[in-house]
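One structure is given here, and the rest of the page talks about it.
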Amino acid sequence: MKKKILILVAMAFLTACTKDITKLNIDPKHPSVVPSYTLFTTAENLMANNMTSVSENDNITRLIEQQWTEVQYLTESQYNIPGRSIADGVWDEFYTGPLTNFEKAKGFMKTDVLDAGKLKNELAITDICEIYCFYYLVTTFGDIPYSQAFNSSIAFPKYDKAATIYADLLKRLDADIANLDPSSGSFGSADMIYSGDPAAWTKFANTFKLKMGILLADSDPTTAKATITSAAQAGVFTSNSDNALYAFSSSPPYTNQAWVGLVQGGRRDYVATDTYMTLLGSQNSSTVGDPRTPYYFAQNKVGKYVGAPNAVGTILYSNFSLPSGSQLTLGNSTGQEPSIGNLANANCPGDLLDYSETQFYLAEAVARGLYTGGWPAATYYANGITASVQYWTGSTTGADALIAANPIGSGQAAQLQAIAAQQYLALYNRGYDAWTVNRRLDYPVLIPPPNAISAFPVRYTYPNKEQQVNKTNYDAASSSIGGDLVTTKLFFDTK
């Protein structure tokens, strides 16, 4: 005890006698200068976390899209977005998470990256990641703070029009693509997606441009066609080896967020829906229709694949199929090991953009007459199915049978419906993107759950705190989009 007192006295004496008392104003936990690459790595991790989260407090898109349902606490499956402050979580997790860190990284790069070519690449890659984040914010909320979002002198930023933001994001993306130079380096191992490879990021940017183009198919077909054609001709993903996969760690804290929620958190509230399992052709069966079934879900306690009715509650989870991997701690199934690792494995990579969706976007573009000069829509459609099967199972076995059982058909309406159905299945665990495809193509038709709080939500309402602290700009934005409701359609959703 005497030793501890002497140490404390000595520390106090040294502090009191320091000649430079300004050092006491330095917070060692919040340094004013940080290496830019550490901010970039942190931002990438936060971005991947946002996309893979299974938290009922923010990313409930798997529930909205009825990939999963809850068996006990039903409010999220019942579309209670405003009442649960879910929007607050999503808003904060993008703005104060990856976007703030990407923006800070840009500032520090200008002083700590001395090679001009490397700096140019790192700024472009960082901006591409910002565009990625803003895409999800604007397709979730509509009008959002953008031009004033990072202006520290403006406490209450205005909301910019969603369509205006989107047009600017496309311009920024074109500039970033032009600035990327494969002959120069970038982040190296600090980049947990492509290890700083500018050529890989160029292909990513073109593929994301294609994705942004197809979003405008109904609202602005002229821009959609030009964007899609430019991206496809410049070079998009050509195989699963191009997929943008965030490399999560096998041990905390940088683990796959599905593992965090399902295994580390011990959550047993999520099971497959009967809607999704039926579309997989595996409902109430010990065998599988779709070869991806055992990689998506586990068999129940009696060895069958069973999806539960959506949001009915008071049902025993072990009677139904849990997400694959999360059942292993229950001892009721051995599960199967996908080529990418079980969804609930700690190091299962975060899929941010992939070849399968690329092929479905091209199939849709051809079916709509927005892209010519490539393959027929049926070819892209088949490629999309095959790529998804291969990604999840490690093999193309069963893909041809799926394609034969689900032909694309003829005529634009039939083809778009087939594309929507198969992309919906391929975007398992990609809730945000499944939700966007469903909003654009209105298929498959998802029946609202019993006791739903609202009709099918096509956007998140604005955060509750924005209504309180940024009320003037909130009111203007709400009026601009036609009302702050979950049923207010966004700029791209015109049908």
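The values are calculated or read from the model by the stated rules, or taken from the named source; none is laboratory data. Remember, predicted model here, so these are calculated numbers, not experimental data. All Cβ positions, even for glycine, are placed from backbone atoms using ideal geometry, and neighbour counts span all protein chains on display. Just so you know, the surface numbers come from the protein's heavy atoms only, side chains and all, with ligands and any DNA or RNA stripped out. Shrake-Rupley method; radii C 1.70, N 1.55, O 1.52, S 1.80 Å.
Express the C-alpha Rg of region 75-194 as a ratio against the empirical globular expectation 2.2 N^0.38 Å, rounded to two decimals.
Numbers: Rg = 16.5 Å, N = 120, 2.2 N^0.38 = 13.6 Å.
So the Cα radius of gyration is 1.21 times the expected 2.2 N^0.38 Å.
Average projected area of the Cα convex hull of the chain, in nm²?
Details: hull surface 111.3 nm².
Result: a mean projected hull area of 27.8 nm².
What whole-number value in Å² describes the accessible area per residue of region 81-178 for a 1.4 Å probe?
On the way: 3680 Å² over 98 residues.
Normalised by residue count, the accessible surface of region 81-178 is 38 Å².
Please state the Cα pair-distance histogram of region 247-324 with 10 angstrom bins from zero: what percent is in each bin?
Using 10 Å bins, I get a P(r) of 19, 44, 27, 9 for region 247-324.
Using only Cα atoms, what Kirkwood radius does region 178-238 have, in angstroms?
On the way: mean 1/r = 0.0804 Å⁻¹.
With all distinct Cα pairs of region 178-238 included, I get 12.4 Å.
Just how much of residue 204 is accessible, in Å², when a 1.4 Å probe is used and the result is rounded to the nearest 10?
Here the residue's solvent-accessible area equals roughly 10 Å².
At 1.4 Å probe size, with no ligands or nucleic acids counted, give the accessible surface of residue 143 in Å², nearest ten.
For residue 143, the solvent-accessible surface is approximately 10 Å².
Put 250, 480, 285 in order of accessible area, largest first, 1.4 Å probe: what do you get? List each step's numbers first, then the result.
Numbers: 250 85, 480 55, 285 25 Å².
Greatest to least solvent exposure: 250, 480, 285.
Calculate the length of the line joining the C-alpha centroid of region 249-279 to that of region 103-176, in whole Å.
Comparing the Cα centres of region 249-279 and region 103-176, I get a distance of 31 Å.
Could you work out the equivalent-ellipsoid semi-axes for region 177-330, taking the square root of 5 times each eigenvalue of the Cα gyration tensor, largest first, in whole Å? Each step should come with its number before you reach the end.
Details: eigenvalues 297, 103, 35 Å².
Listed largest to smallest, the semi-axes of region 177-330 are 39, 23, 13 Å.
Which of 199, 275, 145 sits closest to the plus end of the dipole of the chain, meaning its Cα is farthest towards the positive end, when Lys and Arg get +1 and Asp and Glu get -1 on the C-beta?
After comparing all options, I get 145.
Taking only the alpha carbons of region 393-483, what extent do you get along each of the three principal axes, in Å, biggest first?
56, 33, 27
Antiparallel versus total DSSP beta bridges in the chain: what percent is that, nearest 5? Walk me through the numbers before you get to the answer.
Values: 10 of 11 bridges.
Looking only at bridges with both residues in the chain, the antiparallel portion is about 90 percent.
Which loop-located chymotrypsin sites (Phe, Trp or Tyr not before Pro) does region 48-133 contain, where loop means any DSSP state but H, G, I, E or B and the Cβ has at most 15 other Cβ atoms within 10 Å? Present the calculation step by step, with values, prior to reporting the outcome.
Numbers: sites: 68, 73, 79, 91, 94, 95, 102, 108, 132; in loops: 73, 79.
Qualifying residues, ordered by number: 73.
What aspartates and glutamates does residue 209 reach when the alpha-carbon gap must be under 14 Å and sequence neighbours fewer than 8 apart in one chain are set aside?
127, 130, 168, 174, 176, 354, 357
On a 30 Å Cα-Cα criterion, which of the cross-link pairs 118/158; 225/489; 110/158; 106/489; 104/211; 211/471 come out too long?
Check vs 30 Å cut-off fails for 118/158; 106/489; 211/471.
Counting only protein heavy atoms and using a 1.4 Å probe, what share of the accessible area of the chain belongs to carbon plus sulfur, as a whole percent?
Numbers: 11340 of 20140 Å².
Its accessible area is 56 percent carbon and sulfur atoms.
Could you work out the relative contact order of the chain, using alpha carbon pairs under 8 angstrom and six or more residues apart, expressed as a whole percent?
Values: 857 pairs, mean separation 96.3, N = 495.
Across the chain, relative contact order equals 19 percent.
Arrange the residues 106, 495 by how much accessible surface each exposes, largest first, with a 1.4 angstrom probe.
Numbers: 106 35, 495 135 Å².
From most accessible down to least: 495, 106.
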